[in-house]
1. What per residue convex hull volume, in Å³, comes out for region 45-113 when only alpha-carbon positions are used?
2. As a test of the formula, what do you get for the chain when each DSSP H run with n ≥ 4 contributes -39,500 (n - 2.57) and the sum is divided by the residue count, at 222 nm and rounded to the nearest 500 deg cm²/dmol?
3. Around H192, which amide H atoms from residues at least 5 apart in sequence, or from another chain, sit under 5 Å from its own amide H, with H modelled in the peptide plane?
4. Which translational diffusion coefficient, to the nearest whole µm²/s, is obtained for region 1-145 from the Stokes-Einstein equation, given a Kirkwood hydrodynamic radius over C-alpha pairs, 37 °C and 0.692 mPa s?
5. How much solvent-accessible surface does T279 expose, in Å² to the nearest 10, with a 1.4 Å probe and all protein chains in place?
6. How fast does region 114-267 diffuse by Stokes-Einstein, in µm²/s, taking the Kirkwood radius from C-alpha pairs at 20 °C and 1.002 mPa s?
7. Below 10 angstrom from the Cβ of A262, what's the summed charge of the other residues (Lys, Arg +1; Asp, Glu -1)?
8. With a 1.4 Å probe and every protein chain kept in, tell me what percent of the accessible surface of region 5-70 is carbon plus sulfur.
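The values are calculated or read from the model by the stated rules, or taken from the named source; none is laboratory data. The model shown is predicted, which means the values in this text are computed figures rather than measured ones. Note that each Cβ is placed from the backbone with ideal geometry, even for glycine, and that neighbours are counted across all protein chains shown. Only protein heavy atoms, including side chains, enter the accessible area calculation; ligands, DNA and RNA are left aside. Shrake-Rupley method; radii C 1.70, N 1.55, O 1.52, S 1.80 Å.
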Amino acid sequence: MDLDLRKLRYFVAVADRLHFGRAANELHIAQPALSRQIRALEQDLGALLFTRDRHGVVLTDAGRQLLADAGPLLASADAVRRRVTVAARGSRRLAVGFRTGIPVIPAARAFEARHPDVVVDVQRMEWDDQAAMLLDGRVDVGYVRLPIDETGLRVTPLYTEPLMVVLPAGHRLAGKEEVTEADLAGEPLVWHADPSTQPTRRPHPDSGLRVRGVEEKLEHVAAGRGISFVGRSETVFYSRPDISYVLIPELASDQVCLAVAASRTSPLVDDFLTAAQATAEITAECGNHDWGAALLEGR
C-alpha cells in the first residue's frame, strides 16, 4: 500500500509534540479523528509507532525510524508541488539561495549567458533553515556554509575563507591584525542556537547567548554581551563602527559549498553548479572585497 502523506503529516505532528491533544489542536482536527488516522497508519505499515503509559506518549523504534525518514519525504513532496506550480505559470525560473556575504552574481551571469530565457531568483537563507529550504523546494540550489545537516542533500565544496572574531569596538583586542584562541580564553560567546552548526575548532561553550541570524549576533556583540565569529565575506557585508573584526588564523577556514536536494534532477541545476564551480574564484573575491571592483576584474 502506498504511504498516505496526510497520515504521515499527522504522525509527524504527534511525534514532534508527543501529545495527541496538542497535535490535534495544531492540525485543527478532533483528537479522536487524529487517533484513528494514526491507528490506520500503523495498520498500513504493520508496525506500532507509539506507546502510551502513565508518563505519556513515547515513540517506538519503528516510530523513531519513521520520524527520521518523514522529514525529507514530506519536504520532497512540498518541493514537487512548488515546481509544478511554477511550471504551470509557463515561466522558467531557478531559485538560488545564499548565505549572507556570498554573492550570487558571478555564477548567475555565467548561467544566464547560457540560459537567457531563465530568470534567476535569489533568496537569503539563515543557518537554521538552509537545509530545509533546499529540501522543501523553496530554493532549487543554494550557497551554504558548513557545517550543515547534509541528510538528503548533495553538497559540493566551492572555496574556503578565513574566520574572523567579532569584538565590540572598545574591546582590548579590537584593531589588532590577528589574535589567538588563547587571547580569547574566558570571553563570553554569542553563538547560534544549535551548537552542531559551529565550525570545527571554534570555541564551543556550554553557555552563552544563543541567536538565529548574523544581524542579531552583531547587535549583541556591539552591546558588549560577548564575542562571536563570522566568515570574512560577512565582515565586508556588515561594516559598522561599533564592532571590530580581527583575523584568528588558528581556527579552521569557513567552507562555502553549493547544495541541492539529492532527489533533485534538473539540467538547469546541473548547469548552475557548473557555473558556480567555474566562477568560484571570482565569487570568493567578490565576497572578500568590493563587489563591483572584483566583478570588473573578473571579466
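1. Working: hull volume 12.0 nm³, N = 69.
Normalising the Cα hull of region 45-113 by residue number yields 174 Å³.
2. On the way: 11 runs with 123 residues, N = 299.
That comes out to -12500 deg cm²/dmol.
3. V211
4. Numbers: Rh = 17.7 Å.
In µm²/s, the coefficient is 185.
5. Result for T279: roughly 20 Å² accessible.
6. Working: Rh = 16.7 Å.
The Stokes-Einstein estimate is 128 µm²/s.
7. Working: positive: R154, R264; negative: E150.
Computed value for this residue: +1.
8. On the way: 1930 of 3890 Å².
For region 5-70, the apolar C and S fraction of the accessible surface comes to 50 percent.
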